[in-house]
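The values are calculated or read from the model by the stated rules, or taken from the named source; none is laboratory data. Note that the structure is a prediction, hence the values are computed from the model and not measured. For neighbour counting, all protein chains shown are included, and Cβ atoms are generated from backbone atoms with ideal geometry for every residue, glycine included. Heavy atoms of the whole protein, side chains included, go into the accessibility calculation; ligands, DNA and RNA do not. Shrake-Rupley method; radii C 1.70, N 1.55, O 1.52, S 1.80 Å.
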Amino acid sequence: MTDYLLILVSTILVNNFVLVQFLGLCPFMGVSNKLETAMGMSLATTFVLTLSSLCSYLSFEYLLKPLGIEFLQTITFILVIAVVVQFTEMVVRKTSPMLYRVLGIFLPLITTNCAVLGVALLNIKKQNGFVESIMYGFGAAVGFSLVLVLFSAMRERIAVADVPIHFKGSAIGMVTAGLMSLAFLGFSGLVDI
Amino acid sequence: MSFLRISSPHARGKNSTKSVMQQVALATMPGFLALFYFFGWGVFINIIWCVLLAVTAETAVLLLRKRPLSFYLSDYSAVVTGILLGLALPPFAPWWVSAIATLFAIIVAKQLYGGMGMNPFNPAMVGYALVLISFPVAMTTNWSNPVNPTGTADFLTHLQWIFGFGSNAIDVFTAATPLDIYKHEIAASTEAVVRQSPAFGSFISYGWEWVNIGFLLGGLYLVLRKIISWHTPVALLVSLSILSLALGWDADQVTPLSIHLLSGGTMLGAFFIATDPVTGPSSPRGKLIFGAGIGVLIYIIRTYGNYPDAVAFAVLLMNFAAPFIDYYTQPRTYGHSRSKRGFGGNK
């Protein structure tokens, strides 16, 4: 139980996927202009990341390993992630049109989120087990959501600040992300995973 | 005859940014005197050096942006940033460490966002965190031990130490702060043994307790003058105390509450850093959440993290969360029902 908790702390704070490992920066910069959309994106990402880390673990363990074709892992994971995203989109559309409307375009966009593929590959590299993989994916997604939501609230404020013209928009966004990354370094050493 | 239409407020207080900043600078005096008494001229030189650089950097940016100099410089915000950095940095920090911290604080953390009132992160703490991460050795070993004679050397010697010239230039001072000592030695021994170290003195931690009491007094003065509200510091100290009592009641295992409160940068952080009106939330409820968050983070990072003191990181992390806290703690406008937030809020 403690192990799982440590994995969560590690992925959410210490090794935050966005601010410490620099994965998933495209949606981080792209969907953080408004708080509401950022929340939709984080919800969708959490769902897909957890599910895809589970599926990629299963496909690696029970498909690639027995056949001895581990070298195909990257391409397999891309396929698995695309399938999971498509599947999620279909299920959500049929079961909850309301949620589908809220998530909207973000569902297919997740396919291009490098954090999703990163989690799948890191799970294999770290030789995480079944539950560990799910926890790792879930923690990564929560960490991503946390910083995305906080960052979008901050960007709404920066949007009205008197930023020098050359730094307006994405430039000051990147500077802010860098400063946030600086703050997240304070967590280093909390967990050794 | 034409009427001049002036909208509210019609009655104005005398407080201006300038007077607020002057009061804050004044309120650091007791803490500064304590630091000066125990750690010597280094603090004084640091403050002068940081203020000088901060004002220069501010002037340079204002000139580049073609803004009126006297208007922006006379709000004293750059001076206060310089003072806070000078107080936070180790007394023997080499001149280039304080220079990097100050320039980064003013140029990147403050002026890139449009200057006073726009910066999302506390400039002084951004500068501090940057040099702490980049030069951990220079930042943690340059605390003179207050019991050690290095603190009593004269002004010129200190100047030579910090700027590294003359025959008195030395390589390194090795004195860790009491927080650092306690944290590292308690793992292998008990409270009574660790307390033998002269760094703790006879009361709580030699020198540091008076520094913190000094900042506490200065902070109380600011609260009484209504320059800062009590919400943030009280929430910070209460949450730090509760966590420390609940998880760290055993002084033989972890740092006890007394050292948490009266050592390191706790009081400086609680009253002078966390209460920055720009980078914190604006509503009282938001300030309570903000302060409590800083207290929790200070405890967590000090106890479980790599860094001995955590005020800078805790403040930055909560600065990061402040707009979000503001978003959810907006007070209800009189006559309106509570606005909905989150999903469906803008429908």
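Odds and ends about this structure:
- For B:SER8, the accessible area of its heavy atoms, probed at 1.4 Å with every protein chain present, is near 90 square angstrom.
- Taking 0.36 nm per residue of sequence separation and removing the Cα-Cα distance, the A:PHE87/A:VAL131 pair yields an extension gain of 13.7 nm.
- Global geometry of the protein assembly as shown, whether rounded, prolate or oblate, following the gyration tensor of its Cα atoms and the 1.5 cut on a/c: oblate
- Helix B:231-247 and the longest principal axis of the C-alpha atoms of chain B enclose an angle of approximately 40°.
- Here the stretch B:176-328 is assigned +1 on the Cβ of each Lys and Arg and -1 on the Cβ of each Asp and Glu. Its dipole about the Cα centre then comes out at about 480 debye.
- R0 of 35 Å, Cβ-Cβ distance B:SER8-A:ASN33: FRET efficiency to nearest 0.05: 0.60
- Point-to-point label distance, B:SER19-B:LEU63, nm (Cα→Cβ direction, 7 Å offset): 3.3 nm
- Pairwise FRET efficiency - A:PHE22 versus A:PHE71, Cβ, R0 = 22 Å, nearest 0.05: 0.30
- Anisotropy class of chain B from Cα gyration tensor, a/c 1.5 cut: oblate
- Note on B:SER134 and B:GLU191: the extension gain reaches 17.3 nm, defined as 0.36 nm multiplied by sequence separation minus the Cα-Cα distance.
- Each label point was placed 7 Å from the Cα along the Cα-to-Cβ direction; for A:THR95 and A:LEU5 their separation is 3.0 nm.
- Gain in span if fully extended, B:THR157 to B:SER70, counting 0.36 nm per residue against the direct Cα distance: 27.7 nm
- Peptide A:149-161 - average C-beta neighbours from other chains (10 Å radius): 5
- Three-way shape label, the stretch B:176-328, alpha-carbon gyration tensor, a/c 1.5: prolate
- Using a probe of 1.4 angstrom and keeping all protein chains present, the accessible surface of chain B works out to 46 square angstrom per residue.
- Among B:ARG67, B:ARG12, B:ARG332, the sequence by solvent-accessible area, most first, with a 1.4 Å probe is B:ARG12, B:ARG332, B:ARG67.
- Cβ-derived FRET efficiency at R0 35 Å, B:ASN306 paired with A:VAL160, nearest 0.05: 0.45
- Accessible surface buried upon A-B contact (total; probe 1.4 Å; Å², nearest 100): 3200 Å²
- Degrees separating the helix A:35-59 axis from the principal Cα axis of chain A, which is the longest one: 20 degrees
- Phi to ³J(HN,Hα) by Karplus 6.51 cos²θ - 1.76 cosθ + 1.60 over the stretch A:167-183, Hz, x for Gly, Pro: 9, 5, x, 5, 4, 5, x, 5, 4, 4, 4, x, 5, 5, 4, 4, 5
- Positive-end residue, the stretch B:183-340 charge dipole about Cα centroid, Cβ charges, pick of B:LEU288, B:GLY218, B:THR333: B:THR333
- Comparing Cα centroids, the stretch A:121-163 and the stretch B:263-324 end up 22 angstrom apart.
- Working note: 222 nm ellipticity from helices only, DSSP H runs with n ≥ 4, each -39,500 (n - 2.57), summed and divided by the residues of chain A, gives -21500 deg cm²/dmol to the nearest 500.
- Longest DSSP-loop-exposure-free segment, chymotrypsin sites (Phe, Trp or Tyr not before Pro), chain B, at most 15 other Cβ within 10 Å: B:4-164
- Rounded to the nearest 10 degrees, the angle from helix A:114-125 to the longest Cα principal axis of chain A is 40 degrees.
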